[in-house]
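Chemist: First, the structure itself, so that you have it in front of you.
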Amino acid sequence: MKKKGRRLKLADVAAHCNVSISTASRALSGTPGVRADLRERILATARELNYQQPSTLAGLRIVVLASARAMVDYQRNQFTTHVLYGIKAQAKLLDMELEMQSAPDRHSELVLLKEAEASKEVAGLLFLAVDDEVVLAQARTLSKPIVLVNGDDPLVQLSSVAPHNRAAAAAATQYLVDLGHQRILFCTNPGRRTIERRREGWLESLPAEVQAYRDELIVEVEEWTPEAARAGIAARLEQGHDFTAVLCAGDSLAIGVVLELRARGLRVPQDISVVGIDGLPQGELLIPALTSVHVPMHSIGQAAVNLMRDHVLDESFTARRVELACELVVRSSSGLKSQL
């Protein structure tokens, strides 16, 4: 039954069991998420084929490289923190060694990529929040597996894991539209492709009646901080109170919007509804508690590690983009449209 003429691959075991390579890999590594009977069938097939689990990860390291953007996020709104928790938890479960690195600028990112490529002990890289095309171009030339975390490669030559940002923003916007809102502001800090996907989701769900005015409904701020959002919404209010809801591209911005609206005597949600995206824990502490699209940050980290494992263990692995579903969590900061 064993195939001749070449070394048996994980794909062969998966094919014999009629399962995906990812499922076979999880079963053989003991990772949760595979039914007990299916796991036993895959293990039995591996024994019958005399398949030897590759030792590629044994004694080798996976570098977790945080880009300059990821480090800014780490300091300001903690999204990266929760993703890192997921990475570390899953790596521990798989007995995978991690080496944590950070890069303050493009030059440092390029240097660290070259060092990882040259190191015999490094099996692959998890690259957090990178959008720089120069850096991505260099990453595509590496022979070692790279998984982009909370980012994506426009050419899909590098694997990636991220939330489904467009769907998340579309769901939040549609929720507000269903409550009667039409003029819905979008408060954002532009620049990253992942955030551009959120803007696209907002725009596609915006009512047709206000599509022509979409540019005047966008509030751009310079940083992912409540302070920047407060300044941005304050400036927008100076132009007029002609909106009934605000969708923020991140919870840290939504918090600032709520604080500024309340400071100006506007009631949330009776006068203006506010919705965020991320699902950061501090949103529950806000008064009123923040309605937000919950992004599975921990699961993003876990999925990235699993994708890296599959990448390393399967020589014929094809790059892929993984997008995780998000969930709208309704709290007290949103409600029916007010009468302007």
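The values are calculated or read from the model by the stated rules, or taken from the named source; none is laboratory data. Remember, predicted model here, so these are calculated numbers, not experimental data. Because the Cβ atoms are built from the backbone with ideal geometry, glycine has one as well, and the counts that use them run over all protein chains shown.
Chemist: So, residue 130, is that one closer than 27 Å to residue 203 by Cβ, of a type in the set (A, V, I, L, M, F, W, C) and either crowded, with 16+ Cβ neighbours inside 10 Å or at pLDDT below 90 (or both) or not? Explain how you work it out, then say what you get.
Modeler: Numbers: closer than 27 Å to residue 203 by Cβ: yes; of a type in the set (A, V, I, L, M, F, W, C): yes; either crowded, with 16+ Cβ neighbours inside 10 Å or at pLDDT below 90 (or both): yes.
Considered against the rule, which asks whether it is closer than 27 Å to residue 203 by Cβ, of a type in the set (A, V, I, L, M, F, W, C) and either crowded, with 16+ Cβ neighbours inside 10 Å or at pLDDT below 90 (or both), residue 130 comes out as yes.
Chemist: Separate question: Out of 139, 208, report the one residue that is of a type in the set (Gly, Ala, Ser), in the same structural domain as residue 106 (by TED's automatic domain parsing) and either without any contact (Cβ under 8 Å) to a residue 40 or more places away in the chain or closer than 19 Å to residue 62 by Cα (or both). Spell out the reasoning first.
Modeler: On the way: 208 fails: in the same structural domain as residue 106 (by TED's automatic domain parsing).
Testing whether each residue is of a type in the set (Gly, Ala, Ser), in the same structural domain as residue 106 (by TED's automatic domain parsing) and either without any contact (Cβ under 8 Å) to a residue 40 or more places away in the chain or closer than 19 Å to residue 62 by Cα (or both) leaves just 139.
Chemist: Tell me which residues, restricted to the range 74-123, are within 29 Å of residue 256 (Cβ to Cβ) and among the aliphatic types (A, V, I, L, M).
Modeler: If the condition is that a residue be within 29 Å of residue 256 (Cβ to Cβ) and among the aliphatic types (A, V, I, L, M), then 83, 84, 87, 103 are the ones that fit.
Chemist: Identify the residue in the range 287-333 that is of a type in the set (Gly, Ala, Ser) and either assigned to a loop (DSSP other than H, G, I, E, B) or touching a Phe, Trp or Tyr at 6+ places or on another chain (Cβ under 6 Å) (or both) and, among all such residues, is farthest from residue 254 (Cα to Cα). Can you show your working first?
Modeler: First, pick out the residues of the range 287-333 that are of a type in the set (Gly, Ala, Ser): 289, 292, 299, 301, 303-304, 316, 319, 325, 332-333.
Still in the list and also either assigned to a loop (DSSP other than H, G, I, E, B) or touching a Phe, Trp or Tyr at 6+ places or on another chain (Cβ under 6 Å) (or both): 289, 316, 319, 325, 332-333.
Values: 289: 11, 316: 44, 319: 35, 325: 21, 332: 13, 333: 10 Å.
This residue is 316.
Chemist: Same structure, new question: What is the residue count in the range 136-157 for residues that are crowded, with 23+ Cβ neighbours inside 10 Å and among the aliphatic types (A, V, I, L, M)?
Modeler: Selection size over the range 136-157: 5.
Chemist: Now a separate question. Somewhere in the range 95-117, is a residue outside the structural domain of residue 223 (by TED's automatic domain parsing), part of a helix (DSSP H, G or I), at pLDDT below 90 and under 23 Å from residue 26 (Cα atoms)? Explain how you work it out, then say what you get.
Modeler: Taking the range 95-117 first, the residues outside the structural domain of residue 223 (by TED's automatic domain parsing) are 95-117.
Those left that are additionally part of a helix (DSSP H, G or I): 106-117.
From what is left, the residues that are at pLDDT below 90 are none.
No - not one qualifying residue is present in the range 95-117.
Chemist: Let me ask something else. Which ones in the range 276-286 are assigned to a helix (DSSP H, G or I) and within 24 Å of residue 91 (Cβ to Cβ)? Can you show your working first?
Modeler: Going through the range 276-286, the residues assigned to a helix (DSSP H, G or I) turn out to be 281-285.
Hit for the range 276-286 is 281, nothing else.
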